[in-house]
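Reviewing the structure listed below.
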């Protein structure tokens, strides 16, 4: 049961070599994912050298979160209670495969903490929390498909119980050469109603 | 808002295949940790608590004769089968949910020597296998949030009941001891070559163990397990500090406990016992001591159960909560195995021997990579 009305105030999509904010392209560049995401980082003028140490999933989530939170004037200097609720299908399998490659052959055995730390999907939430100083509720969920009902239920609970004032929700997937991020911010202000129809519309557009 | 309870439960571990036998072993001071030297998993010897494979096969074969289940699936299904049977709840019902807690699932399927196909390493495949086995009507919710997953799963179940989506939620958690995990923690130089000693000044790091555990979270107080506890409040806050090291000030854990206490409407004086995370790494144990002191919890009896099983990753918060519920029911504090001399800079009241004592309320905490922390407060249900 959801008590107070909530709204989606802005959203970012990253897929097919495009970064969009509220439906408008803010950056695009042809090329591989690595080239594209690095160019996006530079073009969006983020200036955060830790970005280069992140794995591919974290880079994706980090850029998408930056686009939404910057647009919403969220800064580390002014603390806000913004929860993070992310989901995907492949968990951290992209980094998992990298770690597995480093241990598969005993003659060529080189496990590394810099890779291993990214073998958890919620590390990308940690990266965003550090950048924006979000000491807030956070959780990472796995589903076989985008699950608007789950994101809605969980975000509504955090808002209803006053665990959070706003919730950064969405889907961040990196698997093989496929990537897709949809992040949206939910709060008590905005034009788009926070319901499964609207969330699915964002995802399917 | 309706009350929510943690009720029937099961633990599949090196100390036994049901919660009562595991708790009895702990009561007697037994540890499931043994020295293992298996170079196919790790070049150097390590301590771990592994689930005995023939025992698991025997237990699983009583449930189904179907093949093609991974070891982790057998562990989780065996555990959940017991919990569902105890509860008598029909799972093919739209008001019954399933939450799966794991960090790595069938990650061993990535190994080219593993007989199972690589796609079994997808966590949604694991979720599908368990959902299909029992015939749950609803799709499972899988939470993979590092080492807080097990306790966070309980909080998520409560939240789903609060939102009136479900009346009952089964939670099952599990992780394996694999080369994948051990090589990773070893690369961090976090593994101890001796049984772990949480909060001890001579602690030398963690042991990794394997467990599957399960429980029923429900709003129905008519048919609860004897050891049922009410879930009073919860919080899960980030450190916003570092992805692989805890905050020096315990900020995320401090805030998680604050959030749980506010919702539970209790103060530090109401907490009779803390079941802490206590991995036996230098930084984790110190961080917890700081966070507990910031909440004036330094005199509350506290233990880490890692000395019995090691760190069981996505199952740890769940199994430690189940043991906490039994601790309340038995009115008994269990020792923090491995502890001798205080090894953190802030005072905390470590339990050193099995102690009968009236217990009503306990706090469960966990912390993990990514800066995540979770705290949940439970109260004994009086039947």
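The values are calculated or read from the model by the stated rules, or taken from the named source; none is laboratory data. The structure presented is a predicted model; accordingly, all values stated were derived computationally and were not measured. As a convention, Cβ positions derive from the backbone with ideal geometry for all residues, glycine included, and neighbour counts pool all protein chains shown.
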Inset, instruction - Quickly run through segment A:85-110 and pick out the residues that are at the interface with chain B (Cβ under 8 Å from one of its Cβ atoms) and assigned to a strand (DSSP E or B). - result: none
Legend entry - Those residues of segment A:112-128 which are within 14 Å of the chain's Cα centre (by Cα) and more than 7 Å from chain B (Cβ to nearest Cβ), in sequence order: A:124, A:128
Legend entry - Residue match in segment A:73-84 (condition: more than 10 Å from chain B (Cβ to nearest Cβ), part of a loop (DSSP other than H, G, I, E, B), at pLDDT 95 or above and closer than 25 Å to residue B:155 by Cα): yes
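Conditions (1) touching a helix residue (DSSP H, G or I) at 6+ places or on another chain (Cβ under 7 Å); (2) more than 10 Å from chain A (Cβ to nearest Cβ); (3) assigned to a helix (DSSP H, G or I), marked per residue:
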{"site": "B:108", "(1), (2), (3)": "yes, no, yes"}
{"site": "B:116", "(1), (2), (3)": "yes, yes, no"}
{"site": "B:127", "(1), (2), (3)": "no, no, yes"}
{"site": "B:151", "(1), (2), (3)": "yes, yes, yes"}
{"site": "B:157", "(1), (2), (3)": "no, yes, yes"}
Inset, instruction - For segment B:173-180, indicate whether the set of residues that are more than 9 Å from chain A (Cβ to nearest Cβ), outside any helix (DSSP H, G or I) and out of contact with any strand residue (DSSP E or B) (no Cβ under 8 Å at 6 or more places or on another chain) is non-empty. - result: yes
Inset, instruction - Give the residue that is nearest to residue B:261 (Cα to Cα), with candidates limited to residues of segment A:136-153 that are surrounded by fewer than 23 Cβ atoms within 10 Å (Cβ to Cβ) and in contact with a strand residue (DSSP E or B) (Cβ under 8 Å, 6 or more places away or on another chain). - result: A:150
Inset, instruction - Could you please find all residues in segment A:47-85 being without any contact (Cβ under 8 Å) to a residue 60 or more places away in the chain, surrounded by fewer than 16 Cβ atoms within 10 Å (Cβ to Cβ) and either closer than 26 Å to residue A:98 by Cβ or touching a helix residue (DSSP H, G or I) at 6+ places or on another chain (Cβ under 8 Å) (or both)? - result: A:49, A:52, A:75, A:76
Legend entry - Matching residues, segment A:129-153, being more than 9 Å from chain B (Cβ to nearest Cβ), part of a helix (DSSP H, G or I) and touching a helix residue (DSSP H, G or I) at 6+ places or on another chain (Cβ under 6 Å): A:148, A:152
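One line per residue, one yes/no per condition, for (1) farther than 23 Å from residue B:305 by Cα; (2) more than 17 Å from the chain's Cα centre (by Cα):
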position	(1), (2)
B:18	no, no
B:26	no, no
B:33	no, no
B:40	yes, yes
B:44	yes, yes
B:47	no, yes
B:54	yes, yes
B:59	yes, yes
B:63	yes, yes
Legend entry - Failed item, numbered, when residue B:80 is tested on (1) under 19 Å from residue B:154 (Cα atoms); (2) within 11 Å of chain A (Cβ to nearest Cβ): (2)
Inset, instruction - Could you run through segment A:154-175 and say how many residues are touching a residue at least 60 places away in the same chain (Cβ under 8 Å), closer than 30 Å to residue B:122 by Cα and touching a helix residue (DSSP H, G or I) at 6+ places or on another chain (Cβ under 9 Å)? - result: 11
Inset, instruction - Test each condition in (1) surrounded by 20 or more Cβ atoms within 10 Å (Cβ to Cβ); (2) in contact with a helix residue (DSSP H, G or I) (Cβ under 6 Å, 6 or more places away or on another chain) for residue B:33 and report the one that comes out false. - result: (2)
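Residue B:338 - would you say it is closer than 15 Å to residue B:32 by Cα and not in a loop (DSSP other than H, G, I, E, B)?
Working: closer than 15 Å to residue B:32 by Cα: yes; not in a loop (DSSP other than H, G, I, E, B): no.
No.
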Inset, instruction - May I ask you to say which residue of B:137, B:164 is over 20 Å from the mean Cα position of the chain (by Cα), at pLDDT 95 or above and more than 22 Å from residue A:145 (Cα to Cα)? - result: B:164
Inset, instruction - Tell me which residues, restricted to segment B:182-205, are more than 14 Å from chain A (Cβ to nearest Cβ) and either touching a helix residue (DSSP H, G or I) at 6+ places or on another chain (Cβ under 8 Å) or not in a loop (DSSP other than H, G, I, E, B) (or both). - result: B:195, B:196, B:197, B:198, B:199, B:200, B:203
Inset, instruction - With respect to residue A:118, determine if the residue is crowded, with 18+ Cβ neighbours inside 10 Å, closer than 18 Å to residue A:181 by Cβ and in contact with a strand residue (DSSP E or B) (Cβ under 8 Å, 6 or more places away or on another chain). - result: no
Legend entry - Test: residue B:247 is within 14 Å of chain A (Cβ to nearest Cβ), buried (at least 20 other Cβ atoms within 10 Å of the Cβ) and in a helix (DSSP H, G or I): no
Legend entry - Unmet criterion (only one of (1) loosely packed, with under 12 Cβ neighbours inside 10 Å; (2) without any contact (Cβ under 8 Å) to a residue 12 or more places away in the chain) for residue B:114: (1)
Legend entry - Which numbered condition residue A:195 fails, given (1) crowded, with 19+ Cβ neighbours inside 10 Å; (2) touching a helix residue (DSSP H, G or I) at 6+ places or on another chain (Cβ under 8 Å); (3) in contact (Cβ under 8 Å) with a residue 40 or more places away in the chain: (1)
